[in-house]
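Below is one structure, written out as structure tokens; the observations come after it.
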Amino acid sequence: MKNSSRSGRPDAMKVLADARPDALDPSRPADPARQRTDFARIIADTAGIADTADFLGATGRGHTSPFRRRVGFRPLGAVALAAATATVVVVVGASNSQAPDGSSAAQRHTPTGTHAPSATTTATVPVDGHIELLAAATKAASAPASGTYWQTSTQAEYVDVAEAGSQVFAVHSTSREEWSVGVRQGSGSLMVSGLDSVTEPRTAADRARWRAAGSPGTVRTDVAKASGSTSAGVTRAYTLGAGHPLVMRTNIDDKIYAVGPDNVSYEDLRALPSDVAELRRHLEELYARDNGGDTGSGGRSEWMLRQAGDLVTMPVKPAVRAAAYRVMADLPGVRVVGHSTDRLGREGVAVEFPIAYKGPLGTTRERLVVDPATGAMLSDETVLTTPSARARAAGLKAGTTVDYRATTKMGWGEQQITVPKNARS
Amino acid sequence: MKGAHVTPAERFRDIYEECYPRVLAYATSLVGRQAGEDITSETFTVAWRRVRDIPRPALPWLLGVARNLVRELRRRDALRYAVAAEEAQRISSGERNRSGDIAAEVTDRQAALHALASLSEADRELLTLIAWHGLSAKEAAQVLHCTTASLTVRLFRARRRLERALETAQAAEAGPTPAAETALPPQHQGATA
């Protein structure tokens, strides 16, 4: 509007519209990092429990969703919009001691024969498992260099408590997932989840209770007071039986993974520092950016462990993978539990997250299982430490793995994966 | 990629992508940028929980949620709200980078903003929903939880008051006394709509 408009009595609404302060112009870009992290947090966190798979349209078809439930799980990379950094940060802050690199210690020790000192509660004192983790780091440093598609195959299960009639019992869903991330120009990234997915009563006893309830095809789970963050109750239905796979493109142009608050390209990944101190500093910076001014205890370790664990499963340089293990080993508050067997029966060391979470099933703690002999990330699992009354009623005991995602294959391939005919997008 | 079947998560993602900037702009107009980002985040948290209830188009519904969250903030944390509303106030009164603007345009904008500031909160809210946030009368009615008919009446009156205020403000801006940074309106003391 110019002077002429004043004498010409323009429409008042137009005058007002033209006067909109620039700060309120929706075409001005929002903070993309904030937008993305919010998205990830909302998708992964709000409902507290498995209803995310439900929201994904997988109602009870038992496929695990890439939007993992509860605290996020691992890099989803960029899902169309934006990308759930599946790393959802929960608490925060903590001082970080600059522990020594420790690679020499790793070389001095063999990965076998050590025993988990189960009473270790602080991780500032290196324990045997700790050293094994460093052994994993040295192994991880030698791996094939490059290809077109970085491919991971995982097998997953999650357990929940369901109701039908007056019966309370545990159900579990199992499925496989193939994720193939193209790192060359135009190669594209696909994730097919929910392969061979089945949802059924967990044990024979659970099956008996389900039968006693009349063998319903759909059972409900009431998540009245989920993880504390959610006030509203969430009810989720599981349809028992087999489910459909879901296919999803996971890149946005050349952005193929999420690292902290950022979507990154293959070039970005290859540029990550392989020096332990530098990688730690890099992750700390991302953490600071991802978490603003929040403070707390254990949160930073939690976040750093998640990120470092994620990096290990990405096509980073082998030296970066090794550095990531060393970062993990040095995190304050992170407990390395020595020998542990993952749900597929493979032996490794367990790295426990510092923070326990309360969910509908009770108190749970996540851990990563790493094979020190090969440097491979075996599995990411959630163990029930204190079952809730509801979980106990369904026969879930302390020590039950209520959620896991085990990597069965990880490496380079030259062909994009095929999408099954019955997959939905 | 996009078949007939859209899962709730995909729908949420689409809504998020499409509406985030507009929800943020609206929230910013109420509580400033920083609190606005928080309100936006909370708005979409609610949206995700209630993804199956979101009508089409989603925007008016989302703005209604954001509006409620701001009211809740005002109730729950009066101090934080006051600080946030003050920032919103600064933004809405046109404190901005003027370097790129032509002087006459600045004057017109300032006049319009002063005119707006002289109106009641209810009028301002209604007028800006339409003029700044791009809603139709029907959509604004959804945000304000009233019928389209009563909104039309309110809008008609608010517009009349805006026109009068514009005349006054333009006269003042054009007049001999430099009217820059005159009294700011008591926006955050809050008559409710």
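Data overview
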{"read-out": "Matching residues, segment A:393-416, being closer than 29 Å to A:THR341 by Cβ and surrounded by fewer than 17 Cβ atoms within 10 Å (Cβ to Cβ)", "value": "A:ALA393, A:LYS397, A:ALA398, A:GLY399, A:THR408, A:LYS409, A:GLY411, A:TRP412, A:GLY413"}
{"read-out": "Members of segment B:20-31 that are out of contact with any Phe, Trp or Tyr (no Cβ under 8 Å at 6 or more places or on another chain) and more than 9 Å from chain A (Cβ to nearest Cβ)", "value": "B:ALA27, B:LEU30"}
{"read-out": "Filter result (modelled with pLDDT under 65, farther than 21 Å from B:ILE130 by Cα and part of a helix (DSSP H, G or I)) within segment A:1-47", "value": "A:ASN3, A:SER4, A:ARG6, A:SER7, A:ALA44, A:ASP45"}
{"read-out": "Selection count where residues are in contact (Cβ under 8 Å) with a residue 60 or more places away in the chain and not β-branched (Val, Ile, Thr), scope segment B:9-32", "value": "4"}
{"read-out": "Among (1) under 19 Å from the mean Cα position of the chain (by Cα); (2) surrounded by fewer than 18 Cβ atoms within 10 Å (Cβ to Cβ) - the single one A:ALA271 does not satisfy", "value": "(1)"}
{"read-out": "Checking B:ALA47 against (1) more than 7 Å from every other protein chain (Cβ to nearest Cβ); (2) within 24 Å of A:ARG249 (Cα to Cα); (3) touching a Ser or Thr at 6+ places or on another chain (Cβ under 9 Å), the condition it does not meet", "value": "(3)"}
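The values are calculated or read from the model by the stated rules, or taken from the named source; none is laboratory data. Since this is a predicted model, take the numbers as computed values, not measurements. All Cβ positions, even for glycine, are placed from backbone atoms using ideal geometry, and neighbour counts span all protein chains on display.
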